[in-house]
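Participant: Can you keep this structure in mind? I'll have questions shortly.
The values are calculated or read from the model by the stated rules, or taken from the named source; none is laboratory data. As the structure is a prediction and not an experimental result, all values here were calculated from the model. Here the Cβ is made from the backbone with ideal geometry for all residues, glycine too, and neighbour counts use every protein chain on show. Accessible surface is based on the protein model in full, side chains and every heavy atom, while ligands, DNA and RNA are left aside. Shrake-Rupley method; radii C 1.70, N 1.55, O 1.52, S 1.80 Å.
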Amino acid sequence: MKIKAITLLIFAMFTSAVLVPAQATTPQKSLVIIDTGFDTSLPVIKDAVILEVCILSWSLCPNGRTFQEGPGSATIPSSGVSTGNISHGTQMASIAMNTNPGQKIVLIRLIAFNARGERLLVYESTIIQVFKWIASKREELNIGAVAMAQGHHPTLAVKNYCPRVKELEKILLDLKVKNVPVFFPAGNAGNKARIDWPACIPVSTAIGALDTKGEIANYSNYDRHLVDFYVIGTAPSILPGGAESTATGTSVSTLIAASYWTNVANQRPELTAPAISQLFRDAGRIIFDSKLRYGREMQMQGVLPGK
């Protein structure tokens with residue numbers, strides 16, 4: 001099934017560092033964060049950013065076009081900082097930096113808003129363009145992982161419910177083969193038979209949420225065959241302008257998981273993506289929900305003994 005236009009849903013909220021110099025012989029791997037836009041004036045974000053990019057389905061980048069690269073490209077406009085939806089990217093970037101303070105980040109703005117602060121459609125072609133750009137910059141920016149805390153919930157209640165977008169799937173596979181996993185949220189609809197697209201694409205890394213009791217959260221979508229890891233889904237975050245907040249959802253889990261990954265990838269640069277994944281699987285416990293549905297926790301404890 002081919003999707004022509006996809007309404008991506010924000011998953012993060014149900015509620016309300018100075019860079020470590022890279023060693024000369026081993027450049028530091030970066031994390032790409034794809035989201036709504038970012039308040040890049042915040043020190044926790046500003047000091048970590050190595051590049052900003054805007055890729056939209058609408059001519060609403062700061063330069064009035066659909067593409068912009070360079071300082072300010074992914075920065076949200078001052079007129080939109082109070083809009084609830086647009087704050088999502090800032091929160092996700094702050095969670096990533098709180099999880100792994102030494103990492104470098106590349107910010108990509110994917111979501112456009114109209115003058116009333118309402119989200120506009122994101123077209124399939126734009127998502128493909130984003131990942132083509134990432135693939136083209138993989139070596140130059142030393143990309144170690146990608147996190148996109150956005151998605152679309154499939155409506156078909158059938159076994160093969162995941163929409164097929166072959167061009168995107170090929171790019172994700174190529175990135176995975178080159179040791180760049182792409183992390184997506186399972187989604188917050190509480191569906192226990194389907195997770196969200198693109199997380200349902202088998203070559204992606206699908207992340208579900210744990211609640212504060214260490215169980216699979218009730219709101220976290222579930223598919224035993226497709227969710228790779230579960231990570232705590234509630235974390236402190238920073239809103240545009242600097243106010244502190246708390247975010248809850250599989251978006252939170254996704255940014256934490258991707259930041260765990262870049263932490264390990266930078267400490268153990270000789271490891272391939274399958275080897276890093278196995279480290280997390282070996283260290284993570286089997287977790288359940290109230291109905292004894294199960295999955296694998298992703299945690300840092302025990303992943304790098306002696307580090």
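Participant: Condition (residue is in a strand (DSSP E or B) and either open to solvent by 50 Å² or more (accessible area, probe 1.4 Å) or not acidic (Asp, Glu) (or both)) applied to segment 216-223: is it met by at least one residue?
Facilitator: Yes: segment 216-223 contains one or more residues that are in a strand (DSSP E or B) and either open to solvent by 50 Å² or more (accessible area, probe 1.4 Å) or not acidic (Asp, Glu) (or both).
Participant: Is segment 229-239 home to any residue that is modelled with pLDDT of 95 or more, hydrophobic (A, V, I, L, M, F, W, C) and out of contact with any Ser or Thr (no Cβ under 8 Å at 6 or more places or on another chain)?
Facilitator: Within segment 229-239, not a single residue is modelled with pLDDT of 95 or more, hydrophobic (A, V, I, L, M, F, W, C) and out of contact with any Ser or Thr (no Cβ under 8 Å at 6 or more places or on another chain).
Participant: What number of residues in segment 121-139 are farther than 24 Å from residue 27 by Cα and not in a helix (DSSP H, G or I)?
Facilitator: 3
Participant: Still on this model: I'd like the residue in segment 50-68 that is part of a strand (DSSP E or B) and open to solvent by less than 40 Å² (accessible area, probe 1.4 Å) and, out of all such residues, is nearest to residue 125 (Cα to Cα).
Facilitator: In this case the residue turns out to be 55.
Participant: To continue, here is another question. What pairs come up if the first residue lies in segment 273-297 and is in a loop (DSSP other than H, G, I, E, B), the second is open to solvent by 50 Å² or more (accessible area, probe 1.4 Å), and their beta carbons are under 6 Å apart, counting only those six or more places apart or on different chains?
Facilitator: Short answer, once both residue conditions are applied: 284/296; 289/215.
Participant: Of all the residues that make up segment 235-268, how many are closer than 19 Å to residue 176 by Cβ, in contact with a Pro (Cβ under 8 Å, 6 or more places away or on another chain) and open to solvent by 10 Å² or more (accessible area, probe 1.4 Å)?
Facilitator: Qualifying residue count, segment 235-268: 1.
Participant: Among residues belonging to segment 58-84 that are more than 25 Å from residue 145 (Cβ to Cβ) and touching a Phe, Trp or Tyr at 6+ places or on another chain (Cβ under 8 Å), point out the one that is modelled with the highest pLDDT.
Facilitator: Ranking the qualifying residues of segment 58-84, first place goes to 66.
Participant: Then there's this: Could you please give the count of residues in segment 121-134 that are among the aliphatic types (A, V, I, L, M) and open to solvent by 40 Å² or more (accessible area, probe 1.4 Å)?
Facilitator: Within segment 121-134, residues that are among the aliphatic types (A, V, I, L, M) and open to solvent by 40 Å² or more (accessible area, probe 1.4 Å) number 1.
Participant: Which of the numbered conditions does residue 213 fail, given that it passes all the others? Conditions: (1) open to solvent by less than 40 Å² (accessible area, probe 1.4 Å); (2) of a type outside the set (A, V, I, L, M); (3) more than 16 Å from residue 157 (Cα to Cα).
Facilitator: Every condition holds for residue 213 apart from (1).
Participant: Out of all the residues in segment 193-207, is one or more open to solvent by 10 Å² or more (accessible area, probe 1.4 Å), among the basic types (Lys, Arg) and out of contact with any His (no Cβ under 8 Å at 6 or more places or on another chain)?
Facilitator: Within segment 193-207 (the criterion being open to solvent by 10 Å² or more (accessible area, probe 1.4 Å), among the basic types (Lys, Arg) and out of contact with any His (no Cβ under 8 Å at 6 or more places or on another chain)), the answer is no, since none of the residues qualifies.
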